[in-house]
Amino acid sequence: MMIETVVEKLIPRSAKGRDFVQISSIFVVSIGAFSAGALFAWPSPTIPLLIRNTSYIGQISIEEASYLSILPAASMIASSFLIASATKYIGRKPIIWFMAIPQALSWILIAEAKSITAIYIARVLNGIGEGILFSIAMAYVGEISTPAVRGTWGNMITCSVALGQLSIAAVIASMDIVTAAYIHLFAPLLQILLVPFLPESPHYLMKKGERENAKIALMRLRWKTDVDCELSAMSESIERQRSEAGSFKDLFWIPANRRALLLVLSLRTFQQLSGITAFVIYAQYIFELSGARSVSDEVSTIIVFASLFLFLLVCLPVAGKYSRRLLLTASSTGCTICLLINVVYFCIQEETEVDVSDISWIPLLVMVGYIAFLSIGLLPLPVLMIGELFALSIKNHGMFVSTVYLALIMIAFPKILQLLLSNFSLYVTFLFFTVSCFFSTIFCWFCVPETKGKTLEEIQQLLSKTR
């Protein structure tokens, strides 16, 4: 390629190698993550507008608005089987390129919508993009990067999702929905232009038996003159995985695998029971219901999303360096306390005649604290522990089951929040998630094994022990 030739003249390959191609590739993939984050959080600033008769498609009910969170998760499940099959035949890179297509169509449909039906179709397309991001794109980043690069830059995808959430909240606060959609259309269009310059995953090429192409891709990624040792190690690893491949039956039949699956599903359940997905989708609507006067609903939502982005930026690089069990317990405890404060505040506001207008800033401050505690444990660590708990022989099966399960509960819990908001007082809604976080504290302390500092073999031995 002409660009690669020019770069090679400016930055010659060396025996030691350089990381800039890996980092650039992660950055390009993260553009799709930015768009996915913006689309995921799109309902938060728009639901208050849509349920009032002030939006460009007319008024909708809170019941109709609830499907804005259900449809992406449902389409993610439905499309995941096709995505997984297609990836086996055409590779990671074409699928990552394709991810931008449904994302771009989503923004166009949102901008040109005349009714809620077009918005629903946009949400379905969004789910396809999310499915590609959280399965294929993340796998691609893991396969192309060295441990050092992955440790420093591997969290860029998660941070980009949070940045996208912040961006959509900030833009819609100052512009209309249509303009915001066209502004965010730049991300998938930029991804369409840049993805063709990415190298294919050498791991995928080796699995297909294309050793020479895998070598070329690996030389580009490492920017080295000699990658034979790494290529041989990759080949041995792939052969070992093939010889040790397990089945879906092994995932449920072997006690250690079954316990790993139960732990992963439980952690995912408590992660969502903390309320994070539900609060992201309904953040601005909740602030509107709270009646806070010190800070506007729009600014409160922006502050929450900015806090999420900043805390993830700070916490993600260090979260994996400390005790998993301790951080998960501390995170659950902190979330319980923060949500309990909101329960007390809203109970006083709604059930008594006490004037709380002078302290109406409390819900916002508490939600920022809640985001901080989430960021040290419940948000990042379940993802990290999926890679640690599953044995190599059944890891693909385990990750598939956990991804489908996550999508299912992401359908359920925002709907539960909508039903609580529609039928009960605000403090009852927060009480539900407070109790959930309390039980999460108990589970994390008594049931989650410590995996920090243990090899994969030691973790499997730990899971094999009966209590």
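The values are calculated or read from the model by the stated rules, or taken from the named source; none is laboratory data. Please read all numbers here as calculations on a predicted model, not as lab measurements. Cβ atoms come from the backbone with ideal geometry, glycine included; neighbour counts cover every protein chain shown. These accessible areas exclude ligands, DNA and RNA; they are computed on the full protein's heavy atoms, side chains included. Shrake-Rupley method; radii C 1.70, N 1.55, O 1.52, S 1.80 Å.
For the reader, a short list of remarks on this structure follows.
- Within this structure, Ile110 fails the test of being under 20 Å from Ala407 (Cβ atoms), out of contact with any Leu (no Cβ under 7 Å at 6 or more places or on another chain), in a helix (DSSP H, G or I) and in contact (Cβ under 8 Å) with a residue 24 or more places away in the chain.
- Among all residues of segment 322-337, there is at least one that is closer than 21 Å to Cys159 by Cα, in contact (Cβ under 8 Å) with a residue 60 or more places away in the chain, out of contact with any Cys (no Cβ under 8 Å at 6 or more places or on another chain) and open to solvent by 20 Å² or more (accessible area, probe 1.4 Å).
- Qualifying residue in segment 197-207 (condition: closer than 24 Å to Val29 by Cα, open to solvent by 60 Å² or more (accessible area, probe 1.4 Å), in contact (Cβ under 8 Å) with a residue 24 or more places away in the chain and more than 26 Å from the chain's Cα centre (by Cα)): yes
- For segment 394-414, the set of residues classified as among the β-branched types (Val, Ile, Thr), modelled with pLDDT under 85 and open to solvent by less than 30 Å² (accessible area, probe 1.4 Å) consists of Ile394 only.
- Taken over segment 114-144, the residue count meeting the criterion of being farther than 21 Å from Gln165 by Cα, at pLDDT 85 or above and among the small types (Gly, Ala, Ser) is 2.
- Gln59 meets the stated requirement of being more than 19 Å from Ala278 (Cα to Cα) and open to solvent by 30 Å² or more (accessible area, probe 1.4 Å).
- Answer residue from segment 251-293, given it is under 18 Å from Glu388 (Cβ atoms) and open to solvent by 50 Å² or more (accessible area, probe 1.4 Å) and is nearest to the chain's Cα centre (by Cα) among those: Leu262
- From Leu193, Leu231, residue being of a type outside the set (Lys, Arg), at pLDDT 90 or above and surrounded by fewer than 20 Cβ atoms within 10 Å (Cβ to Cβ): Leu193
- Scope segment 133-189; condition under 22 Å from Tyr204 (Cα atoms), surrounded by 24 or more Cβ atoms within 10 Å (Cβ to Cβ) and in contact with a Pro (Cβ under 8 Å, 6 or more places away or on another chain); matching residues: Ile144
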